[in-house]
Amino acid sequence: MDYAVGPIPNPTTYEPYQLPGWTGPIPYNAFSIEAPSYFSKLVEVLIEELPKMNDVLAEISNGYTYGPGCNDNCLEFTPAYAQQPVGTTGVPRTVIVSLYRFLEGYEHHPIGVDATVLMDFVNGFSLQKV
């Protein structure tokens, strides 16, 4: 259940939050992808799945890998594109993340590998394709 809290900056009241025209609680799939719970789940999926292809990643990125054992040659990711539902339909979303080499002093140094992740709190997050 979500609550509207107020007044800001010193809240003294709260009441259940209900979107106009929406019945029942707001599903997790309708929340913003910037929510910490979404981002942490996204990281979990990538840490679980991407190290399975570290041999390929190392070959195409001059020795850089993804995951806990990467030492100084680590790949990072950034969301490149996120499919947002229109309004609060609650449909699962997909996010495309781009992998890049972490190089001190450079913003992004992409390696040309993108991963598509299905973000669904009901059935779980999953890596769809690389």
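The values are calculated or read from the model by the stated rules, or taken from the named source; none is laboratory data. It should be emphasised that the depicted structure is a prediction, and the values quoted were computed from it without experimental measurement. Virtual Cβ from ideal backbone geometry, glycine too; neighbours counted across all protein chains shown.
Are any of the residues in the stretch 17-34 modelled with pLDDT of 80 or more and within 28 Å of V117 (Cβ to Cβ)? Scanning the stretch 17-34, I find no residue that is modelled with pLDDT of 80 or more and within 28 Å of V117 (Cβ to Cβ), so the answer is no. Screening V86 against (1) modelled with pLDDT under 85; (2) over 29 Å from D2 (Cβ atoms); (3) aliphatic (A, V, I, L, M) leaves a single unmet condition, (2). Among the candidates K41, K52, the residue that is in a helix (DSSP H, G or I), of a type outside the set (A, V, I, L, M) and at pLDDT 90 or above is uniquely K52. Among residues of the stretch 42-66 that are farther than 23 Å from F125 by Cα, those with a Cβ under 7 angstrom from a residue that is assigned to a loop (DSSP other than H, G, I, E, B), sequence gap 6+ or separate chain, pair up as A58/Y64; G63/N73; Y64/N73. Checking each residue of the stretch 105-114 against the condition of being among the hydrophobic types (A, V, I, L, M, F, W, C), in a loop (DSSP other than H, G, I, E, B) and at pLDDT 75 or above gives no match.
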